Amino acid sequence: MLLSGPPGYGKTTLAHIVARHAGYRTLEINASDDRSAATVSTRIKNAIDTGTGIASEGKPTCVIIDEIDGASGGGDAVSLKIGLRSVLTEGRAS
């Protein structure tokens, strides 16, 4: 799901509420903290791996990626898309 809009409208809060209401455990990553596509992809993979452990309480994990538009600040938006696709595809295969 992609939520888009101006800052301060509650997109991240809404994502957390919807995920919890649907029975998911939430993990949030702020993609603009590190604007490298490789680092963002690694953080997402680590979050997914962490969410499958004992701490997940048997619930599926919803990874909320906040400010994903800031992740390509270095101009590597294509690398970011490829990295995200790779992480998501790998997650389905396992």
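Points to keep in mind about this one:
- Annotation: Asp49 fulfils all but one of (1) at pLDDT 80 or above; (2) under 14 Å from the mean Cα position of the chain (by Cα); the unmet one is (1).
- Residues of segment 1-23 that are of a type in the set (S, T, N, Q) and without any contact (Cβ under 8 Å) to a residue 24 or more places away in the chain: Ser4, Thr13.
The values are calculated or read from the model by the stated rules, or taken from the named source; none is laboratory data. The structure displayed is predicted, hence computed values, not measured ones. Here Cβ is always computed from backbone atoms with ideal geometry, including for glycine, and neighbour counts include all displayed protein chains.
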